[in-house]
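J.: Before we start, here is the structure in question, set down as structure tokens.
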Amino acid sequence: MTLKINDIWADAVCRQDYYQQWMRKRRASMWDYYVDGETQKQKDDRHFKARNLCFSCPLRTECLKRHDELVRAKGERVPGIWGGRIHVDRDRDDYAEAA
């Protein structure tokens, strides 16, 4: 008998096979703030696409809550795109921009 665990994130857009394969291929997530080797234009395009995908996700609100929980638990910034919002990595001088 196999026990199935209820995964609330199973329907998240970022968990779809295409985006999981994208991550494995690039060793980064489409929702990362920074991906090694990309230009500013590539980063801007990727962020735009990722944010739009977030707005289509049924778990957007839960994702934003999860980000806030991680920030509180870690006591530091958690950069990336969470629930359609860009959380800037202020430690990266080459990408110092407003969210």
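J.: If R0 is 22 Å, what FRET efficiency do you get for K25 and F48 from their C-beta distance, rounded to 0.05?
T.: For R0 = 22 Å, the calculated efficiency reads 0.65.
J.: Let me check the size of the range 1-58 from its C-alpha atoms; what are the radius of gyration and Dmax in Å?
T.: Taking only Cα atoms of the range 1-58, I get Rg and Dmax of 13.9, 50 Å.
J.: Quick one: compute the contact order of the range 1-84, relative version, from alpha carbon pairs under 8 angstrom and 6+ residues apart, as a percent.
T.: Normalised by residue count, the contact order of the range 1-84 is 31 percent.
J.: Follow-up question, since we're still on this one. Which value, in Å², gives the accessible area per residue of the chain when a 1.4 Å probe is used on the protein heavy atoms?
T.: 73
J.: Counting only the backbone N, which residues of the range 24-48 are under 18 Å from the spot 7 Å out from the Cα of R90 toward its beta-carbon?
T.: Under cut-off, by backbone N: 33-34.
J.: Carbon and sulfur atoms: what percent of the 1.4 Å accessible area of the chain do they account for?
T.: 49
J.: Pairs of lysine in the chain with Cα under 19 Å and at least 8 positions apart or on different chains: total?
T.: Final tally of qualifying lysine pairs is 4.
J.: At each listed q (0.12, 0.15, 0.19 Å⁻¹), what is the log10 of I(q)/I(0) that the Debye formula gives for the chain modelled as equal alpha-carbon point scatterers?
T.: At q = 0.12, 0.15, 0.19 Å⁻¹ the computed log10 ratios are -0.42, -0.65, -1.01.
J.: By how many degrees, 0 to 90 and rounded to 10, does the Cα axis of helix 60-74 deviate from the longest principal axis of the chain?
T.: 70
J.: Roll a 1.4 Å probe over the protein heavy atoms and report the accessible area of K74 in Å², nearest 10.
T.: 120
The values are calculated or read from the model by the stated rules, or taken from the named source; none is laboratory data. Note that the structure is a prediction, hence the values are computed from the model and not measured. Ideal geometry is used to build each Cβ from the backbone, glycine not excepted, and the neighbour counts take in all protein chains shown. Ligands, DNA and RNA are stripped out before the accessible areas are found, and what is left, the full protein with its side chains, is counted by its heavy atoms. Shrake-Rupley method; radii C 1.70, N 1.55, O 1.52, S 1.80 Å.
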